[in-house]
Every structure is written in structure tokens, then in C-alpha cells.
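The structure under discussion appears below in the form of C-alpha cells.
The values are calculated or read from the model by the stated rules, or taken from the named source; none is laboratory data. Note that this is a predicted model, so its numbers are computed, not measured. Neighbour counts run over all protein chains shown; Cβ positions are idealised from the backbone, glycine included. The protein model used for the area step is the full one, side chains on, heavy atoms only, and it has no ligands, DNA or RNA in it. Shrake-Rupley method; radii C 1.70, N 1.55, O 1.52, S 1.80 Å.
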Amino acid sequence: MFRRTGMYGYKQRTQRRTLTMTAAAVLVPLAVACGGEKAGVSVGSRPPVTGIEWTVDSVTVDGTTRRAPASAHVKIDDGKAIGSYGCNQFSATAKVTDDRIRLSNARTTRMACDNTRMAFERALAGALTAGPLTTRADGRKLTLTTAGGDRVELSRK
């Protein structure tokens, strides 16, 4: 009734389909795992930096460390950074590559605050936009360092 080649062709198609589905079941999770750093997901042993709201602890510029106001924070995600310098809100374009972050095209509100907060804001804004920042994440802490050695210390919120 069945031609010999017809049965054999059906069996081969079924085996190929099963093999394809098995390969997809194995390879898709691997591809997702290797997809990169996004929304707090880390690849390899490098801790995540993006998709997390970071509280600014301090900024050190020209050897002077300033403690951050409680409201200072930053979040870097989807090519942008948003946050607060401690008084004024800001947003910027963010480019993240390997262990570096570059913030550019920063925009900020222009509220007047006391002199201590304004000095902190100038120092933080200058450090964040000074060029590429080297990142060093250690548990719940993140340090951003400029080429000149200025540092921004942050904690995971």
C-alpha cells in the first residue's frame, strides 16, 4: 500500500523535526544567557551596572571628597542615564561598553539650592561627564573613575 520511499521519507522528516526541536530547546537558553548585560542580568563574572538605581554616596574631585545628599541617585539603562545630583534632576545619553560608561548631552533642571549642595552638584556633574568612566562593581557598591582619577562612589538602592 505504502511505497517504500514514502514511509522512509516520513520517518526521516519526523526524525529531522525531533532533532531540530531538541537543538532549539538546548540552544535558545544558551543564546539568551549569552545575550549581554540588560536590566540587572550579568554575563560571566562581571557584576551588572545597568538597570539598577544607584544611590550616590560621595564624589571625590581633585582630592576633595564630598558626601552626597540623601536624594542623589543615578540609573543607567537603555542608552540613557537619569537621576538627581542632590537638588536638581538630570538626564543624559549613556553609552556602556565593557567596563566603561560615557555620559554625554546632559540636561538638568535649574533649581537653586544651598551652597553646599550646589558645590556637590558641580563636582558630581563634572565627574559624571568628564569622559569615559571606568566601572568597578563589588557586591552592592559601584565606583566610577575618570581618567584623571576623580571618583564617584555609589551603592545599590
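Structure notes:
- Evaluated against (1) over 16 Å from Glu153 (Cα atoms); (2) at pLDDT 55 or above; (3) open to solvent by less than 50 Å² (accessible area, probe 1.4 Å); (4) not hydrophobic (A, V, I, L, M, F, W, C), Thr60 falls short on exactly one condition, (1).
- Single residue of the range 23-57 satisfying the filter (at pLDDT 50 or above and over 30 Å from Cys113 (Cα atoms)) that is most open to solvent (accessible area, probe 1.4 Å): Arg46
- When Ser71 is tested against the conditions (1) assigned to a strand (DSSP E or B); (2) surrounded by fewer than 18 Cβ atoms within 10 Å (Cβ to Cβ); (3) out of contact with any Lys or Arg (no Cβ under 8 Å at 6 or more places or on another chain); (4) not aromatic (Phe, Trp, Tyr), the lone failure is (1).
- Residue that is surrounded by the most Cβ atoms within 10 Å (Cβ to Cβ) [pool: residues in the range 88-109 that are modelled with pLDDT of 95 or more and in a loop (DSSP other than H, G, I, E, B)]: Asn88
- Checklist (1) of a type in the set (Gly, Ala, Ser); (2) more than 14 Å from Val74 (Cα to Cα); (3) surrounded by 14 or more Cβ atoms within 10 Å (Cβ to Cβ) applied to Gly139, failing item: (3)
- Residue match in the range 91-107 (condition: of a type outside the set (Gly, Ala, Ser), under 15 Å from Val56 (Cβ atoms) and without any contact (Cβ under 8 Å) to a residue 24 or more places away in the chain): no
- Qualifying residue in the range 147-157 (condition: open to solvent by 70 Å² or more (accessible area, probe 1.4 Å), within 17 Å of Ile52 (Cα to Cα) and touching a residue at least 24 places away in the same chain (Cβ under 8 Å)): yes
- Residues being among the acidic types (Asp, Glu) and part of a helix (DSSP H, G or I) - total across the range 110-157: 1
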